[in-house]
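Take a look at the structure set out below.
Each reported figure results from applying straightforward, stated rules to the coordinates on display, with no laboratory input. From a predicted model like this one, the values you see are computed outputs, not experimental measurements. Methodologically, a virtual Cβ is constructed for each residue, glycine included, from the backbone with ideal geometry; neighbour enumeration extends over all protein chains shown.
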Amino acid sequence: MNFQVGDRVEAIDDVIKGVVQAINGNTITIETDEGFPLMFEASELVKIASDEIARDLSNQKIFSAIQEKEAAKKPKRILPKSKKERIEHLMEVDLHIHQLTNSHKGMSNYDMLTLQTDTAKRQLEFAMRKRIPKVVFIHGVGAGVLKEELYYLFRQYDNVKYYDANYQKYGLGATEVYIYQNLK
């Protein structure tokens with residue numbers, strides 16, 4: 001192959017690219033893209049395109065461009081909700097004190113706890129009247145006093161079963177209550 005000074009070349013057996021700096025018979029000196037001068041036999045090099053586009057292309061860029069194009073073609077599949085998720089009626093009650101009152105300054109811990117438990121009782125009885133099967137009480141983690149008070153409240157009802165709410169959605173600070181509607 002005929003090489004000239006200034007040609008862009010690449011080594012056949014290595015990942016080395018560069019520009020021809022000198023030709024001495026069959027020995028060609030190139031300056032690599034990293035700036036190092038290296039000597040190769042003419043049979044070890046191949047001329048590559050020197051245009052700007054070819055220089056900027058790499059296998060990674062080509063692969064990512066193909067993936068983006070294919071992803072744009074595919075319609076995004078939305079999984080239909082299960083029948084249970086569509087029908088399920090869920091009521092959430094946030095019992096954090098700042099959600100129940102504008103200002104809790106001057107309230108004792110007893111006053112705050114009483115307000116929270118009274119709200120929980122009122123919302124639970126509302127759900128029973130309106131035949132809402134599930135209620136999630138968001139109480140937070142804290143020291144666990146409110147959670148224990150809620151459990152005490154729930155144990156007073158025969159038609160109620162309670163357990164920790166969905167961890168992925170609420171973390172540890174919520175209790176889900178299932179209300180049995182047709183208790184005989």
- Query: Picking from 166, 109, 24, which is most flexible by a Gaussian network model of the chain using Cα springs under 10 Å?
  - Reply: 24
- Mean-position separation - Cα centroids, region 91-163 and region 1-53, in angstrom: 77 Å
- Message: Placing unit charges on C-beta atoms (Lys and Arg positive, Asp and Glu negative, everything else neutral), compute the dipole magnitude of the chain about its Cα centre in debye, rounded to 20.
- Response: 2120 debye
- Item | Residue of 44, 68, 125 that the Gaussian network model of the chain assigns the largest fluctuation, springs spanning Cα pairs under 10 Å | 44
- Note on the structure: Largest first and rounded to whole Å, the semi-axes √(5λ) derived from the alpha carbon gyration tensor of region 83-179 read 23, 15, 13
- Task: Pop a pseudo-label 7 angstrom from the Cα along the beta-carbon direction at both residue 155 and residue 73 and give the gap in nm to one decimal.
- Result: 6.4 nm
- Message: Between [x] 8, 22, 14, 8, 7, 8, 10, 13, 9, 2, 0; [y] 10, 40, 37, 12, 1, 0; [z] 10, 39, 41, 10, 0, which entry matches P(r) over Cα pairs in 10 Å bins from 0, in percent as derived from the coordinates of this structure?
- Response: [x]
